[in-house]
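The values are calculated or read from the model by the stated rules, or taken from the named source; none is laboratory data. For clarity, every value in this text was computed on a predicted model and none was experimentally measured. We place every Cβ from the backbone using ideal geometry, glycine too, and count neighbours over all the protein chains shown.
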Amino acid sequence: MVIILNCITLGMYRPCSDIECDSQRCLVLQGFDHFIFAFFAVEMVVKVMAMGFIGKQGYLGETWNRLDFFIVVAGVLEYSLNLENVSLSAIRTIRVLRPLRAINRIPSLRILVMLLLDTLPMLGNVLMLCFFVFFIFGIIGVQLWKGLLRNRCFLDLNATVGYGYPNLTDFYVEDEPWTDYVCSLPSDKGMRHCTEIKPLYSLDRLICNGSALPDADNSFIVNSSECVNWNQYYTKCAISDENPFLNSISFDNILYAWIAIFQVSPYLCTII
């Protein structure tokens, strides 16, 4: 019951709003925390007096008792450091291990956990199999798609774009952040083309239908008040120097291929 109470009190903490524990709610939870720690400490002392501290039949002779001892000692360090006006958040996080004491109190749960621990060597073989699968598909991805995610729709104008539109980029960039429009070269027979780029919209969400025409010196000097659909000029699919998501997603080498495969693996498992 004390372990269940400890789980409830740990879940009710609000670290962001209880930086200074001066509210009634936080003080009550802190009181429960003091009681629970004292209860666990007294239990450990009673067991040590009955069983002895070390030895095969002693308190530390059992693995679960070692976990209890570690939790109590971490609590003692937390209280002693608070008295010395020293705060170590890493030690405070050890209190989340207290619910694990329930494993030693519920026989069926203890048997299940021990069974899972016994299967860890077999899980190592599964991890090795997953490594080989990732390695093989990573090599396939590098061979098939190396450099393809660098394809972008460039501005295909045989003239210089003048003032009025200083924010024009060399290749098309989506309005949404962290989004890259990857096109397909004609030789790759892909499905995404520069002709499918959506038109440019004005501030009042109207489609810009204007066109940019060069003047006498072959430069586009357009007034900023005119709504020109510059997206219609991003028609040249070529290779750039950037990969999607700030160069973090690509198949240019085996390491980046592993990252991409790892990200899509949950979707593949869902489909299967």
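Here are the numbers:
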| read-out | value |
| --- | --- |
| Of residues in segment 204-222 being within 18 Å of Glu174 (Cβ to Cβ) and in a loop (DSSP other than H, G, I, E, B), the one modelled with the highest pLDDT | Cys208 |
| Residue within segment 37-50 that is assigned to a helix (DSSP H, G or I), β-branched (Val, Ile, Thr), more than 37 Å from the chain's Cα centre (by Cα) and surrounded by 15 or more Cβ atoms within 10 Å (Cβ to Cβ) present | yes |
| Answer residue from segment 128-158, given it is free of Cβ contacts under 8 Å to residues at least 60 places away in the same chain and β-branched (Val, Ile, Thr) and is nearest to Asp241 (Cα to Cα) among those | Ile140 |
| Segment 240-258 - residue that is assigned to a helix (DSSP H, G or I) and at pLDDT 90 or above and, of those, surrounded by the fewest Cβ atoms within 10 Å (Cβ to Cβ) | Leu255 |
| Residue in segment 223-239 that is at pLDDT below 75 and not in a loop (DSSP other than H, G, I, E, B) present | no |
